[in-house]
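A short worksheet on the structure shown next.
The values are calculated or read from the model by the stated rules, or taken from the named source; none is laboratory data. Model, not experiment: these values are computed from the prediction. Positions of Cβ are generated from backbone atoms using ideal geometry, with glycine treated the same way; all protein chains shown enter the neighbour counts.
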């Protein structure tokens with residue numbers, strides 16, 4: 001009985017000591033992590049002359065942004081009406097917990113969820129796909145990002161030049177692959193890092209052919225890619241196909257990580273993709 005009592009007293013004491021050691025390491029960041037201080041968040045509407053439509057842009061800045069002079073990596077999030085709040089909150093916990101770098105998060109969304117559900121088929125697809133009304137606008141969406149939105153964000157916020165990441169899931173994951181490969185083929189780099197969750201098989205043959213063109217033109221692909229899918233269902237075969245292709249190519253400057261989650265389906269992998277992918281891209285161990 002005495003031994004049990006001793007252990008019961010020892011456990012909270014050891015936890016207390018551990019907390020004191022962590023506070024000595026970085027008291028301010030740990031306090032931020034534990035007290036859940038609010039993020040600096042805003043949103044605005046941006047009319048694209050290229051797409052000829054208005055997007056809702058969500059912004060999440062690091063807590064110390066307004067009092068510091070630091071520049072930060074920029075993370076662009078597709079399907080922002082659904083994904084933005086979840087990702088920004090998730091990464092606040094991770095980055096304030098000292099695991100990852102702070103970043104500026106930019107969500108690319110639409111007026112509301114219902115509109116998003118219809119227009120994402122337009123913007124995240126290329127070429128046009130039967131069965132998806134209005135599809136095939138991926139090239140125009142890419143031009144919007146490259147010539148309009150990214151330059152605006154770089155001028156309005158303290159971003160690190162060319163240190164940016166693109167995140168997409170499902171059809172957005174397809175667009176991540178399309179953007180990465182088409183930008184490389186055209187030698188117009190847009191993003192340094194890419195995260196694709198459950199990339200939807202809208203036209204994987206087109207992307208395979210696009211990668212073949214890239215390999216013919218160059219042996220270099222200086223980007224970092226994280227891709228994740230589940231093992232339930234066949235909608236995520238792009239991950240399997242491109243994992244094998246990238247292993248064989250061995251592009252110079254190319255880093256990639258591919259994860260399959262057992263017993264996860266197409267939608268289950270969203271949170272693991274965001275968490276593991278951003279940890280892989282923004283880790284402090286660089």
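For the reader, a short list of remarks on this structure follows.
- For region 160-173, residues that are within 21 Å of residue 279 (Cα to Cα) and outside any strand (DSSP E or B) total 3.
- Residues in region 184-208 that are within 29 Å of residue 268 (Cα to Cα) and in a helix (DSSP H, G or I): 204, 205, 206, 207, 208.
- Scanning region 137-189 for residues that are in contact (Cβ under 8 Å) with a residue 40 or more places away in the chain and at positive phi yields a total of 1.
- Residue within region 222-234 that is more than 30 Å from residue 89 (Cα to Cα), at pLDDT below 90 and assigned by TED's automatic domain parsing to the domain that holds residue 91 present: yes
Matching residues to (1) without any contact (Cβ under 8 Å) to a residue 12 or more places away in the chain; (2) under 19 Å from residue 171 (Cα atoms); (3) not assigned by TED's automatic domain parsing to the domain that holds residue 184:
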position	(1), (2), (3)
248	yes, no, no
253	no, no, no
259	no, yes, no
266	no, yes, no
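- Checking each residue in region 197-209 for being in contact with a helix residue (DSSP H, G or I) (Cβ under 6 Å, 6 or more places away or on another chain), closer than 18 Å to residue 247 by Cβ and surrounded by fewer than 23 Cβ atoms within 10 Å (Cβ to Cβ) picks out only 204.
- Among the residues listed as 138, 134, the single one being in contact with a helix residue (DSSP H, G or I) (Cβ under 7 Å, 6 or more places away or on another chain), in the same structural domain as residue 43 (by TED's automatic domain parsing) and over 21 Å from residue 74 (Cβ atoms): 134
- Restricting attention to region 245-272 and to residues that are at pLDDT below 90 and assigned to a helix (DSSP H, G or I), the residue that is surrounded by the most Cβ atoms within 10 Å (Cβ to Cβ) turns out to be 270.
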